[in-house]
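The values are calculated or read from the model by the stated rules, or taken from the named source; none is laboratory data. Please read all numbers here as calculations on a predicted model, not as lab measurements. With ideal geometry, Cβ positions are generated from the backbone for all residues, glycine too; neighbour counts draw on all protein chains shown. Calculation scope for accessible area: heavy atoms of the full protein, side chains included, ligands and nucleic acids excluded. Shrake-Rupley method; radii C 1.70, N 1.55, O 1.52, S 1.80 Å.
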Amino acid sequence: MERSCSQQRQEAIFTLVLGGISIAALLWYYAHQQILLYGDAVAHINIARRVLDNRSWLSAFFQMGTVWLPLPHILMLPFVWNKVLWTSGVAGCIPSMVAYVVGSLGIFRLVSGRAPHGPAYAATAIYALNPNLLYMQTTAMNEPLYLAFFVWAIVYFDEWLRGLSGEAVLARAPERALEGCGIAIAGGAATRYDGWFFGALMGVLVLVVFARWWRKTPDAARRRRMTRSLAEFLLLNALVPVFWLAYNHRVSGHAMDWANGPYSAKAIAERTTAPGAPPYPGKGHVVTAALYFLKAAKLNVGTGRWGDALLLLAIAGSGVALWRCREYRTWLLLWTPLAFYTLSIAYGSVPIFIPTWWPFSYYNVRYGLELLPVFAVFPVLLIVFLAERIVRPARKLVAGAIVALLVTASYLSIYANVPITLKEAQVNARTRMILEQALARFLVTVPPSATLLMYQGEHVGALQQAGIPLRNVISEVSHPDWEWALLDPAGHADIIVAFKGDPVWAAAHEHGGELTELLTITVPEQAKCAIYRRNQPKAGMPERPSR
């Protein structure tokens, strides 16, 4: 009991340390106004907000869109209702920060299940102190959340295998681990589509292992318990995809709207590709796609040759697990994102642009962060393997010190520049942030009772910055108000916000005689916004053009 209490205290202290690191990172990036740079982060927060703040409570359940999976938005609901947490963006950070801590604890539990606590702490440090993960967990992006589910699914799968093999601690109830694995897989599948691919792979593996175990186990009662847990696992595995297909069909009329609809990755790639332009690197070519993803992964753990060195250590550690240490083979599942993103780039219209290779830009570089558990776990496994075969203690220390120095130097090389996930956000946010800040400055002057007509798809951040209730905005998610307002903008809205090329822009130009232009905002790269009011405004509305 004394040892158990001591261990619990250590785990509590460890969790508090991770929480402190997470909060410190949030304070830093919040102070530097960098938690809302990603347009996707802003969109995630406002999808959650519009579930609670919309024009009709009857449609609240159907406000989560059809492309992004719903769990990240559901987890924001307890926080996003608060105006301060919403406008600041902190409402979206909280689930990511919790996921950061939980994912770090998952790395520790995975490694400590088969190795001493020292290597487990080392692997957790590599994961938790990664500069790009530290930044991403201060945003509303869903990579930290998915990583937590992904790691814990492998933790529970590994514990299930250990329980089936008859280890004393786990042999009594390995079915609990299988159920935990199913819950973690369902959570990942409700967070990112990576989870669908991973869930299918895990389903096959679990069925194969279960079939082998069934033939070797004569205990009928144990068979029944395990079969019940297997049924729960398979049900959880299938539940999220089936629900999401049905949800898409209910909202858009097409079950595959998330894959083929107007807001899907495929449609975005088609809209953003100039006519006659060459295909993005890796399209239709598996090897090139894999190389780009691996390069993005390396850039997330180190610049230049530091990232190369860590990748070599990870590959060497993976080789040890594959050929020399069978008990560690479960960890090879951490490489699953490589297969998923290789196929997504090659055949799924999901490009990755990196600054060091053509087209020398930043787009989806953050996806490389999905391989962070590989860089955390396998270099440590390599050291464990070498330490077991090195007799002299001094040489063991040297081997561990070399890896520690490599990781430290690699992470310092990231901070010597800018974490690439932050750089990606900064580069892609420039035009959007200038436009949204200028629009928000105008919107704060609009009376709270005013009704706005605005396409929210790209610049909902302006409404967030100005604190405009989303229920006051007629947008593409407000049916049938949206369709009627486009036919008669002046008859349905007090303020019309039109972005060049969107449906409101076309409607405003078609009904220009009924509208008075108040302000035009033009920023670099041809981004343009025009703001109108009806010719006969309500009391309190702007009466003349603003400057």
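Phi angles across region 27-37 convert, under the Karplus curve 6.51 cos²θ - 1.76 cosθ + 1.60 with θ = phi - 60°, into 3J(HN,Hα) values of 4, 5, 6, 5, 4, 8, 6, 10, 7, 10, 6 Hz, Gly and Pro given as x. On a per residue basis, the chain carries 46 Å² of accessible surface, using protein heavy atoms and a 1.4 Å probe.
Taken over the Cα atoms of region 472-524, the convex hull encloses 92 Å³ per residue. Of the solvent-accessible surface of region 1-43, computed with a 1.4 Å probe over protein heavy atoms with every protein chain present, carbon and sulfur atoms account for 62 percent. Using only side-chain charges placed at the Cβ, +1 for Lys and Arg and -1 for Asp and Glu, the dipole size of region 432-494 relative to its Cα centre rounds to 300 debye.
Counting only DSSP H runs of at least 4 residues, each contributing -39500 (n - 2.57), and dividing by the residue count of the chain, the helix-based mean residue ellipticity at 222 nm comes to -20500 deg cm²/dmol. Using the Cα coordinates of region 97-210, the gyration tensor eigenvalues translate into equivalent-ellipsoid semi-axes of 25, 19, 9 Å, sorted from longest to shortest.
Taking amide hydrogens as placed 1.01 Å from N in the peptide plane, the amide H of I474 sits under 5 Å from those of L452, L453, M454, each at least 5 positions away in sequence or on another chain. The angle between the Cα long axis of helix 90-112 and the main principal axis of the chain comes to about 10°, on a 0 to 90 degree scale. To the nearest Å, what is the center-to-center distance of region 306-359 and region 4-74, using C-alpha atoms only? Centre-to-centre (Cα) distance: 27 Å. Among the chymotrypsin sites (Phe, Trp or Tyr not before Pro) in region 341-372, those located in a DSSP loop and surrounded by at most 10 other Cβ atoms within 10 Å of their own Cβ are F360. These residues, T15, T522, go from largest to smallest accessible area, 1.4 Å probe, as T522, T15. Measuring only protein heavy atoms, the 1.4 Å probe finds D481 accessible over about 60 Å².
Within the same chain, lysines fewer than 8 places from K295 are excluded, and of the rest, those with a Cα less than 20 Å from its Cα are K283, K423.
With contacts taken as Cα pairs under 8 Å at a separation of at least 6 residues, the chain carries a relative contact order of 14 percent. With respect to the chain, whose longest principal axis is taken over its alpha-carbon atoms, helix 174-189 is tilted by about 30°. The Cα center of region 132-151 and the Cα center of region 88-117 differ in position by 9 Å. Two numbers describe the Cα atoms of region 398-478: Rg and Dmax, which are 21.3, 69 Å.
All alpha carbon pair distances within the chain were sorted into 10 Å bins beginning at 0; the resulting P(r) in whole percents reads 3, 16, 26, 25, 16, 9, 4, 1, 0. Panel note: the C-alpha atoms of region 423-547, placed on their principal axes, show extents of 45, 31, 26 Å (largest first). Nearest 10 degrees is fine. How inclined is helix 393-416 to the longest principal axis of the chain, computing both from alpha carbons? Result, in degrees: 10. Gyration tensor over the Cα atoms of region 1-137: the corresponding equivalent ellipsoid has semi-axes (square roots of 5 times the eigenvalues, largest first) of 34, 17, 14 Å. Anisotropy class assigned to region 237-330 is oblate, per the alpha carbon gyration tensor with a/c at or over the 1.5 cut-off and a/b no larger than b/c.
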